[in-house]
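Taking it in order: structure first as C-alpha cells, then the write-up.
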Amino acid sequence: MPALAPTICMNERELLDLLLADARRSTEDLARMLDADEAAVDDAIERLEEDGVVGGYQAVVDWGEVDEERVVALVELNVTLDRETSYADIAERLARFPEVQTLQLVSGDYDFDMRVEGDSMREVSRFISDKVAPVPEITQTVTHYVMDTYKDRGVNFGDGDDDDRLSVSP
Amino acid sequence: MSEQDRSGDVDGTGPGGQSEDGAFGISQRVQETPPSGIRRFFELAEEAEDVISLGVGEPDFSAPWAARDAAIHSLEQGQTAYTANRGKRELRAEIARHVDAEYDLQYDPDEEILVTTGVSEGIDVALRAVVDPGDTVAVPDPTYVSYAPGVTFAGGEICQIPTTEDEFRLTPEAMAEAGADEADVLLYCYPNNPTGAIMPRKELAAVAEFCREHDLVVLADEIYADLTYGQEHVSIATLPGMRERTIVFNGFSKAYAMTGLRLGYAMGPPEVIEACNRIHQYTMLSAPTTPQHAAIEALRSCDDEVDEMVEEYDRRRRFVLSRFEELGMDCFEAKGAFYVFPEVPGGDAEAFAEELLTEAGVAAVPGDVFGDGGAGHLRVSYATGLEDLKEAMDRIEAYLES
C-alpha cells in the first residue's frame, strides 16, 4: 500500500495559515489567536515538521534593498527519459546542488522549471554550463536572468499601503 | 494625510452645535443635535504623539484589488455619468443573488432594492420615508452614534431601549419596559457597533414577535453581517411575518473594506423602497457611479478576500479577548463586527479613555459616546494589524500596573 499523505486536522490547517502568513510569530501569540494551549500549539508544530508538512522557514528578502549583488535565474530544462531514468531521478540529481533554490516539474513547452541563485552572473552561468547542461538526459536549457522582483511568495516589494484612516472614527 | 484631510469632520456633525451670531439662523433641529462625542476623542488623539489607535470604526484593509481594478477600468472607459436612481441594474441583480446565497433573503432587483450612498444615506432616507412628526423610533442603547440625530432630522422621537448587561442584546422585556410597545419603528444594528454583540436566532425571534404584536416596522442595519465569528448572521427579515415590515440595510464598507467609496443598499417591500427612492432621487439622484462598478466586481469575485479578512479579524478578536482576560478587564465574548467592549476599572470610561490616551498612548472610544448603556465600557476596535494590537495591549497592561 502506498504511504498516505499525513492528514491535517482543522486546527492545524489554521495554524498552517498563520505560519504561512508569518512564521516568526511566538507560540504564545499563535495560541491566543487559535484559542488553544501553548503546549498544544508546540505539539502541532512539531508534528507538522516531523510529518514533512512544514519543510522549513525562510525570510523573504528583497535583494534590491541590499547593497550586495545577488543573481537569480529561472531556467527552463528539457529532458529525455529512458526505461532506467525517471523525472524523479533527474530531479534528485539536480536538487542536490545548493545553487538550485526551487525545482519543479511543469506542464507545457519544457519539463523542469528551476530557480538558481548565485553571487554573480558569471557564477550562475558557469553553474548552468558546467553542472546542469552536461547532465546526459538534459537536452536543452533556456536561462532567464531576473532583472527585478516586484513580489515574492505573496510579499509585495513595493511601498506598503500607508494607513490613511482617521485616528478615531465612529 | 494632509492637514486639510485631517481637519475634516469624522462624523459629519461639525465642530459646533450652537448657533452663533451671523447671517444664518441655524435651524432648531440642528441646534438641538449635540456634536458627537467621537469628535472630542478624535481631536485628543490627533494632538497626542505616538498613539496606537484602537478607536477606528473602519477596516484596516484596502478594498480587494479586483474591485479597485474594476473601478479604475470604468474610469478609463469614461463611465462617469449618473446611473439609474436605484443604482445600476447589474449591481442590483448581483446584490439580489448575493443576499439570497448568504442570508436567505429574496428581493426583486427591480422593485425591492435601492443602492444608496453608504448605509448612512439609506437609513436617512428610510427614516424620512416612514417617520412622521411625533412618531417614535426605538433604538437599542448603546448603539451607533448616527441613529438618534437621524431620527431628530426626520422629526421623530427617540425611545432608548437598554440592552442586556452581559451580552448587549435586545429583549422584548426591556422593549416593553422602555415603552417601545408604543413606538412605530425599531432601528438597530446587529452585529453591533460599538459592542460587537450579535442577535442569535432565538433572541431575534423574540424581538420579531414583539414587533409584530405591537406593530413596529424594523430598520435593520446589517452592515456587519459578513463579520460574525463562529455563528451565522440571521437577518430579521427571514423570520416569519417580518419581511413585509422590515427594511434591511447592508453595503460594501465593512466586509469589502470600501468605507470611503460610500456604497450601500436598502432592501424592502416595493412600496417602501419606492418611497425611499422618492427622497433619494431628489436629494442624491444616484449613488456614485465608480463605486458601483467596484461593487459589482466585489460581489462577483471577491468572496475569498472577504473570507480571508474575516479569518484575520477572528484571530485578532481571539488575541484581544485573551489579553483582556489576562489583564483582568471583564469583557464579554463579542462575536461580531470588529469591536470588543471591555469594562473599565473604576467605571468612569471617559476618564479612563482620556488617561489611556495621554499616559499610555492608546486611543479607544469610551462607551458613553454610544449612549448611557455604554457607560463604564471602552470600545476597542481590532481593525488594526496584529503588531499594533500587541503593542497596544502591552501598553494597556503597563498602564494598569502603574
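Quick note: the coordinates plus some simple rules give every number you see, no bench work behind them. These figures come from a predicted structure and were not determined experimentally. We place every Cβ from the backbone using ideal geometry, glycine too, and count neighbours over all the protein chains shown.
Pull out a ≥ b ≥ c, the square roots of the eigenvalues of the alpha-carbon gyration tensor of the protein assembly as shown, then state rounded if a/c is under 1.5, prolate if not and a/b is larger than b/c, and oblate in the remaining case.
In terms of gyration-tensor shape, prolate.
If you place +1 on the Cβ of every Lys and Arg, -1 on the Cβ of every Asp and Glu, and leave all else neutral, what size is the dipole of region A:10-50 about its Cα centre, to the nearest 20 Debye?
Approximately 180 debye in magnitude.
Under a GNM of chain A (C-alpha, springs under 10 Å), which listed residue has the highest mean-square fluctuation: A:G64, A:G108, A:G118?
A:G108
Report the per residue volume, in Å³, of the convex hull enclosing the C-alpha atoms of chain A.
Output value, Cα hull per residue: 206 Å³.
Grab every C-alpha pair in region A:63-148, bin the distances at 5 angstrom width from 0 up to the longest one, and report whole percents.
Whole-percent P(r) values from 0 Å outward: 3, 14, 27, 25, 15, 9, 5, 2, 1, 0.
Mind listing which trypsin sites (Lys or Arg not before Pro) in region A:59-95 are in a DSSP loop and have 12 or fewer other Cβ atoms within 10 Å?
Within region A:59-95, the qualifying trypsin sites (Lys or Arg not before Pro) (loop, at most 12 other Cβ atoms within 10 Å) are A:R83.
Mind checking Rg over Rh on region B:81-301, alpha carbons, Kirkwood formula for Rh?
Values: Rg = 16.2 Å, Rh = 17.2 Å.
Result: Rg/Rh = 0.94.
Can you run the Rg to Rh ratio on region A:10-50? Use alpha carbon positions and the Kirkwood inverse-distance Rh.
0.90
How large is the Rg to Rh ratio of region B:132-197 when both quantities use alpha carbon positions and Rh follows Kirkwood?
We get a ratio of 0.96 for region B:132-197.
Take every Cα-Cα distance within chain B, group them into 20 Å bins from 0 onward, and report for each bin the whole-number percent of pairs it holds.
Computed distribution, short to long bins: 27, 60, 13, 0.
Where in chain A is the longest stretch that carries no GluC sites (Glu not before Pro) classed as loop by DSSP and with at most 10 other Cβ atoms within 10 Å?
With GluC sites (Glu not before Pro) excluded where exposed in loops, chain A gives A:85-170 as its longest stretch.
Please give the calculated 222 nm ellipticity per residue for chain A, where each DSSP H segment of at least 4 residues contributes -39500 (n - 2.57) and the sum is spread over every residue; nearest 500 deg cm²/dmol?
The helix-only estimate for chain A comes to -8500 deg cm²/dmol at 222 nm.
Which residue, chosen from B:G37, B:I296, A:F127, occupies the Cα position most advanced towards the positive end of the dipole of the protein assembly as shown, where the dipole is computed from +1 (Lys, Arg) and -1 (Asp, Glu) charges on Cβ about the Cα centre?
My answer, from the dipole projection, is B:I296.
At 25 °C and a viscosity of 0.890 mPa s, what translational diffusion coefficient does Stokes-Einstein give for region B:292-361, taking Rh as the Kirkwood radius over Cα pairs? Give it in µm²/s as a whole number.
167 µm²/s
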